[in-house]
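Q: Let me give you the structure first, and then I'll get to my questions.
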Amino acid sequence: MNDRSPWLVALGTANLLFLVAAAFLVRGRLERIESRIDGGETRGEAARGRPPRPAGDGTGATRGAPTPADGPEGAPGAADEAGGPGNTEVLKRLAKLSDDAYDYYDRLAADVHEIKRTGKQVDANVRRMKSFLTAPGQPAGEWALFPADKPLTPEATEIYRRDAAGWGVKVEEGRVEVRGFLNMSPWTTMPIEYFVTRWPEAGHETLLHVLGPAPVDDALTPDRLKGLVTSIYKGLVLAGFKQGTHSRLDPPAPGEPDRPRWVPPSGDVVYVGVRYQLRGEVHVARATDWVIDPSTKAVLPEDAFRFTGSLRQDDHDSGDEQLTAEAGGIVVSVYNDPNAVLEIAVASNLDNRYQYHHARIPKPALLRMKDGALLDCVRDRAANALTVTAREHDGKRAPLETAPVLVTRKAEGGEPEEVPFQKTADGWRVVHPSMAKGDWRVRLGRGEAAVESTGYEPLYVDLILSKTPIVPQGDGAKDVPVDLPADLPSGTGKPPK
């Protein structure tokens with residue numbers, strides 16, 4: 001069986017290039033014609049002893065319209081050789097030709113895109129057919145998903161294991177780990193809806209982003225993380241987690257027409273944890289300890305999540321079966337979302353009022369210095385304060401002996417200002433209004449030996465998905481009371497039955 005999709009793509013691309021060239025040629029000819037007409041008008045005006053007229057003469061008259069000085073209509077001068085109604089009609093027709101050419105170009109570009117998409121789908125179907133004929137029971141296609149309601153075959157197990165390892169997803173019986181980083185800028189004025197997403201999805205309402213082995217740098221783009229969420233799903237299947245179904249709302253009970261009945265998600269319980277290193281120590285926290293339920297004035301129960309496994313759909317580009325979690329980047333949700341890999345099984349999620357437990361969530365500000373060192377800081381946005389606790393370089397950590405300097409401005413766009421840090425029990429601290437914005441740097445040393453900060457280093461974490469409860473460690477094991485702010489968001493959900 002021959003796959004003709006590459007020939008179709010090549011033909012469409014050739015047509016597109018031809019039409020682009022033709023459109024530019026038409027545009028160039030239009031510009032030359034207009035230039036010649038303008039030049040003819042100028043020469044005509046000069047021959048009659050009058051200065052050239054602008055396109056609009058300030059009285060509302062336009063080029064080519066008769067004026068008293070031109071004489072009666074039809075007399076010499078009413079429509080001179082270069083600027084008369086005949087040339088105006090030519091310009092109109094040429095402009096229409098140009099517009100039609102560009103419209104045709106747009107339609108052809110859309111057709112080429114559709115040809116490419118169809119070609120990918122044809123290629124995917126051919127690969128699936130070949131796989132079905134030569135290796136029955138083996139996942140095929142771009143996403144290589146096996147039916148969720150069947151046990152993995154040896155071939156499917158090998159493919160799942162290879163895909164998980166390729167994204168740095170660590171799998172063992174009853175446990176999965178994957179690398180990510182702490183989201184430093186969620187909109188805390190809104191409820192939290194997701195605990196884990198693929199970077200950069202839902203950055204305004206999530207706490208963690210997963211990365212796999214990818215570094216956070218200028219080269220990181222969302223398309224480079226394509227496939228990561230699917231590999232996390234495959235890791236959970238390999239680790240022995242049984243997939244269930246997502247939550248739903250059933251019709252209201254008789255006599256309560258305004259209160260649909262919420263049916264929680266099913267599937268194995270997944271205990272979610274976060275491991276990170278800060279101030280030279282390893283800390284492990286329960287994910288549920290970082291989220292407050294205002295209805296109970298407590299953190300979420302540690303068994304709040306279920307492995308629902310997301311939904312499946314046809315990939316728009318390839319035509320292969322795809323997880324909707326992969327399409328949207330949703331891994332762990334604290335609001336009912338059937339697209340998530342893990343969904344919350346606590347009824348109060350329908351209120352959509354869960355809050356960030358700021359007292360438990362780490363607040364690091366790891367500043368990169370030009371010499372490669374890191375400054376370990378704590379940034380208190382509420383107080384516009386920054387505290388430098390230590391400097392780390394070549395694996396060694398030490399406190400600062402002399403005061404660093406905050407390099408900023410007196411006001412936004414104002415004169416430069418240098419503010420020295422003050423010594424505290426924890427290190428060196430400075431308070432300044434610019435800390436609320438970001439127009440500032442930290443300088444160490446003086447003169448030629450001075451070194452300034454260049455940006456943030458992410459707080460990398462390991463996301464833990466386990467069949468057994470998470471054992472807190474370090475800061476995660478501390479007893480931190482729940483403190484709800486007085487001005488909670490009102491929420492957007494409806495109370496469940």
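Each reported figure results from applying straightforward, stated rules to the coordinates on display, with no laboratory input. Keep in mind it's a predicted model, so treat the numbers as computed, not measured. Counting neighbours? That spans all protein chains shown, and the Cβs are built from the backbone with ideal geometry, glycine included.
Q: How much net charge surrounds residue 306 when only other residues with a Cβ under 14 Å from its Cβ are counted (Lys, Arg +1; Asp, Glu -1)?
A: -2
Q: Given an 8 Å cut-off on Cα distances and at least 6 residues of separation, report the relative contact order of region 302-430 as a percent.
A: After rounding, I find 13 percent.
Q: A further question follows. May I ask you to evaluate 6.51 cos²θ - 1.76 cosθ + 1.60, the Karplus curve with θ = phi - 60°, for each residue of region 95-105 and list the ³J(HN,Hα) values in order in whole Hz, giving x for glycine and proline?
A: 5, 5, 4, 5, 4, 5, 5, 5, 4, 5, 4
Q: Non-local amide H neighbours of residue 459 (under 5 Å, H modeled in plane, Pro and chain starts lacking H): which ones?
A: Under 5 Å from the amide H of residue 459 lie the amide H atoms of 182, each far enough along the sequence or on another chain.
Q: Using θ = phi - 60° and the Karplus curve 6.51 cos²θ - 1.76 cosθ + 1.60, what whole-Hz ³J(HN,Hα) does each residue of region 466-482 get, with Gly and Pro shown as x?
A: Per residue, the Karplus-derived 3J(HN,Hα) values read 9, 7, 10, x, 6, 9, x, 8, x, 4, x, 8, 6, 8, 10, x, 7 Hz.
Q: What order, most packed first, do the peptides 315-327, 410-422, 448-460 have when packing is the mean number of other Cβ atoms within 10 Å of each residue?
A: Per-residue mean Cβ counts within 10 Å order the peptides as 315-327, 448-460, 410-422.
Q: Sticking with this one: If the limit is 27 Å between Cα atoms, which of 170/297; 170/370; 170/242 go over it? Provide the component values of the computation, followed by the final result.
A: Values: 170/297 35 Å; 170/370 34 Å; 170/242 18 Å.
Checking Cα-Cα distances, 170/297; 170/370 exceed 27 Å.
Q: Taking amide hydrogens as modeled 1.01 Å from N in the peptide plane, which residues meet the under 5 Å criterion relative to residue 270, leaving out close sequence neighbours?
A: 305, 306, 307
Q: Also, I was wondering about something else. So how far, in whole Å, is the C-alpha centre of region 342-389 from the one of region 452-469?
A: Computed from Cα coordinates, the inter-centre distance equals 11 Å.
Q: For region 364-457, build the convex hull from the C-alpha positions and give me its volume per residue in Å³.
A: 98 Å³
Q: For 307, 195, 146, what ranking results if the residue with the fewest other Cβ atoms within 10 Å of its Cβ goes first?
A: Working: 307 24, 195 27, 146 21.
Sorted ascending by nearby Cβ count, the order is 146, 307, 195.
Q: In terms of modelled amide H atoms, which long-range or inter-chain residues lie less than 5 Å from the amide H of residue 261?
A: Under 5 Å from the amide H of residue 261: 250, 253.
Q: Return P(r) of region 392-431 (all Cα-Cα pairs; 10 Å bins starting at 0; whole %; ordered from short to long distances).
A: 27, 37, 27, 9
Q: Starting at the first residue of region 366-380, write each ³J(HN,Hα) from the Karplus equation 6.51 cos²θ - 1.76 cosθ + 1.60 with θ = phi - 60°, in whole Hz, x for Gly and Pro.
A: In residue order, the calculated couplings are 7, 8, 7, 9, 4, 8, x, 7, 10, 9, 8, 10, 10, 10, 9 Hz.
Q: At what distance in nm do the modelled label points of residue 431 and residue 242 sit from each other, each positioned 7 Å from its Cα along Cα→Cβ?
A: 5.7 nm
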